[in-house]
Amino acid sequence: MTMADRVYCTYFDHNYLSRGLALHHSLQRHAPGSRLWVLCLSEVCHQALAALDLPDVVPVRLADFEAADPEVAATRASRSIIEYYFTCTPAWMRFVLGREAEAEWVTYLDGDLFFFAPPGVIYAELHDAAVAIIPHRYTASLARLRKFGTYNVGWVGARNDPDGITVIEWWREKCIEWCHDVVEGDRFADQGYLDSFPRLFSRVKIIENIGANLAPWNIGNYRVDFRGNRVLIDAVHPLVFFHFQGLRKGLRWFIFNSHRVYRAPFSGDVRDHIYKPYVDELLAIEQAVDPILQASVAKPHRRSAILDVGQYLKSKVRNAGGRAFQLLDIVTGRAFFVFRGRAY
């Protein structure tokens, strides 16, 4: 299987542009030539990506996607904006599957993922699978969060064959029927439906590699070290990609993570070799694309993409701490100080 056989898709707006571009850059470093389709949730986002004209990025206007799938577009009036975005997830995968006839796999990725190693080890698990889903792997202390689903929408892959397409079609129909930002029985947004995949369909593979989708809600299960220029989990498994959910800007000059919310450890290796490279890349991207964004909006663009992360794809776990916890994170080194476009 070549890189061209593996196609990826995601969605974000202009406020999330640096995240999306960081995802793309990391994917190109570790899987060169991988195509990334982007559903642009704002016209400014589409204008910016069109101006950047990046190889292996395929930007699509939200209006064009909606014209191609009016059933999904019809749900917009009855859902909040975040619920509507969730509704789009499987339909967006179907859209890309229908336009990538030569691709063997189409995989949806959340916009706040970042690759540290080639994803080939994940595909090596799939063999004859038609669909690939990934567990949250919550720590024992976060058992209460299991009501939001066993599996995380951060990575959902579908083989471009009848079995894979059937699962995505079913998921799309269920999200059109019901997709809300609340838990109702075994349903929650687009995510709760993943729990039904292994029960209803054959050839569903649950990804086992613990280096895939390391995140604040599961990092407490593992030992994380930096050895030989690689981040290793439990001394054996290279970190493939990290899910930077909940990263946010606060107190004007600082960037905070969500580890305190999830009662997760934040070691020196995690800070220096997982978070700092990512934050530095976000800041560099924001400096580079700011002139493009300035030219694309009627008013000067002054808001940082990191600042707006909390307003996008919001966490169901609210930050229990106020300013006192932010100050504690600064003192203990959990937070990054931003000065002249660099993180310290």
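The values are calculated or read from the model by the stated rules, or taken from the named source; none is laboratory data. All of these numbers come straight from a predicted model, not from anything done at the bench. A quick note on method: Cβ atoms are made from the backbone with ideal geometry, for glycine too, and the neighbour counts reach across all protein chains shown.
Please state which of the following conditions L214 fails to meet, knowing it meets all the rest: (1) buried (at least 16 other Cβ atoms within 10 Å of the Cβ); (2) in the same structural domain as V58 (by TED's automatic domain parsing). Going through (1) buried (at least 16 other Cβ atoms within 10 Å of the Cβ); (2) in the same structural domain as V58 (by TED's automatic domain parsing) one by one, L214 breaks only (2). Can you say whether A101 is on the phi < 0 side of the Ramachandran plot and part of a helix (DSSP H, G or I), as far as the supplied structure shows? In short, no. Taking each residue of region 94-108 that is more than 21 Å from A67 (Cβ to Cβ) and looking for partners that are at pLDDT 95 or above and in a loop (DSSP other than H, G, I, E, B) with beta-carbon atoms closer than 9 Å, six or more apart or interchain, yields E102/N160; A103/N160; E104/N160; E104/D161; W105/N160; T107/P119.
Checked against (1) crowded, with 16+ Cβ neighbours inside 10 Å; (2) at pLDDT 50 or above, N319 passes all but a single condition, namely (2). The residues of region 201-236 that are touching a Leu at 6+ places or on another chain (Cβ under 9 Å) and part of a loop (DSSP other than H, G, I, E, B), listed by number, are I207, G211, W217, N218, Y222, R223. When the residues of region 90-132 are narrowed to those that are touching an Asp or Glu at 6+ places or on another chain (Cβ under 9 Å) and of a type in the set (V, I, T), which ends up farthest from C40 (Cα to Cα)? Checking each candidate, the answer is V131.
With respect to R76, is the statement that it is basic (K, R) and closer than 18 Å to L17 by Cβ true?
Working: basic (K, R): yes; closer than 18 Å to L17 by Cβ: no.
So R76 fails the test.
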